[in-house]
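All of the numbers you see were taken from the coordinates with simple rules; none came from a lab. Since the structure is predicted, the reported quantities are computational estimates derived from the model, not experimental observations. Methodologically, a virtual Cβ is constructed for each residue, glycine included, from the backbone with ideal geometry; neighbour enumeration extends over all protein chains shown.
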Amino acid sequence: MIRGLALNLYERLYSSVIRPHLFKMTAQDAHEWALNQLTRTDDSFLAVKFAKLTQQLTFARQLTPVGKLQLKYPLILAAGFVKGMGFASEEEALKAVNQGINIIPGWHMMPSLVGLVEYGSFTRYPRLGNAGTVIWRHPEDMSTQNRFGLKNPGAVAAAEFLGQRLNKLPPQYGINIAISPSVDDESEEIADIQEAAMAFLSRNVYPTWFTLNISCPNTEDDPSGHQTHGKTMRLVKALVEIVDPIPVWVKISPRLSEEQYVALIEATELAGGEAIIATNTLPMPAPNDPHLMAGVGGGCLYPYAIDTVKILMEKKQMLGAKIDIIACGGILSHEQYSAYSQLGVKAMQYWSALVYLGPLAAALISHKANRNI
Ligand SMILES: Cc1cc2nc3c(=O)[nH]c(=O)nc-3n(C[C@H](O)[C@H](O)[C@H](O)COP(=O)(O)O)c2cc1C
């Protein structure tokens, strides 16, 4: 009752006051504004306390089984929001950590407010990401589009930063590791992801799950190259070897062939992975330069993502595979949430809903979905 009233009030406030105000800015300015607020409030005792109380009031706990885990909510903030600043070198990134700079804006506030968060993607070495405008919104179909290009502080500095804050890390969270673009040799790729994972574990940063992102569309690499049976199996196995018993999830692309999805299920299962996240964004021409590709999420991605999930659920059953499928793509209301649930999906991830529904997106969607059951 109180939860319903609070969420109703929040929804009205967000849609009539906050969203129109944010949408007067470009998507990029609004994104940077939000990250600045998070940078300022991550270390504020009062702000974090208020965020946690808001989460308790608005988000109903719902134990969600995924692999060997019991997550406390079915909705997870997907990788790409709490991913940290970009740096030109590991030395610079570590210097910033040692100077006390908040290199991962939102690391404390976002999980306090929204519950489950997947940090990253982090690559072995820092990346500055792409220059210029890198994020857009398309309100007509509630989509986002981005070509961040895996901007991040690198695994070592991210791990050092989180390792210095162990007692404040959330009770459950994920870390997403992406293969460094431009590393072509497979043995180097394996070393790259293993070193990235070790950077966290060696600093006692033990996430609830690791995600291996083999599908980033916004870099100089073609992600479909990673998503073959043999290569996926070897990469996942290499990560499982290092992080076991922490579960490994694998994040894949939309719009692959049915054969490729069968191969990805088999490879993930054989290599000891626990779940597949479907999907990452879909590459489309960037609004400011049709020669460049930028990944689309939200409403425009939804038909492709749900198609992918449908195929994966069918093939998983056909193969008798045990891995779980985690839906990601266009979850913007309880309707998409319910459509994925009806396919048998239990856990889901979202990113674009943050833009269109605000920080309490997950609480709002899950509240409405549960009311409609
Ligand atoms: C600005 C932005 C940055 C992203 N960065 C990452 C990333 O670093 N790693 C990753 O695995 N996915 C990344 N994603 C993809 C999201 O995690 C998610 O898969 C995608 O947006 C689809 O979900 P949605 O339809 O709810 O937006 C990013 C998405 C956006 C919008």
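Things worth noting here:
- FRET efficiency, Arg3 to Gln28 (Cβ-Cβ, R0 22 Å, nearest 0.05): 0.05
- Bridgeable lysines around Lys83 (alpha carbons under 26 Å apart, same-chain partners fewer than 8 residues away excluded): Lys24, Lys49, Lys52, Lys68, Lys72, Lys95, Lys151, Lys168, Lys231, Lys237, Lys251, Lys346.
- Under 5 Å, built H, 5+ apart or other chain: amide partners of Ser253: Asn280
- From phi via Karplus (6.51, -1.76, 1.60), per-residue ³J(HN,Hα) for region 181-192 in Hz, x at Gly/Pro: x, 6, 7, 9, 6, 5, 5, 5, 4, 5, 4, 4
- The Asn370 and Ser257 beta-carbon pair, evaluated with R₀ = 35 Å, returns a calculated FRET efficiency of approximately 0.45.
- Ranked by the mean number of other Cβ atoms within 10 Å of their residues, highest first, the peptides 135-148, 326-339 fall in the order 326-339, 135-148.
- Taking amide H positions as modeled 1.01 Å from N, with prolines and chain starts lacking one, the residues under 5 Å from Ser180 and 5 or more places away or on another chain are Arg124.
- If the segment from Ser16 to Phe45 were pulled out straight at 0.36 nm per residue, it would be longer than the present Cα-Cα gap by 7.5 nm.
- Rounded Å value of the spacing that divides the Cα centres of region 318-367 and region 248-280: 17
- Length-normalised contact order for region 2-372 - Cα pairs under 8 Å, 6+ apart - percent: 17
- Taking each residue as 0.36 nm, the span from Asn36 to Lys95 lengthens on full extension beyond its C-alpha to C-alpha distance by 19.2 nm.
- Once the Cβ-Cβ distance of Ala131 and Asp184 is raised to the sixth power relative to R0 = 25 Å, the FRET efficiency obtained is 0.60.
- Descending semi-axes in whole angstrom, ellipsoid equivalent of the chain, from the Cα gyration tensor: 28, 25, 21
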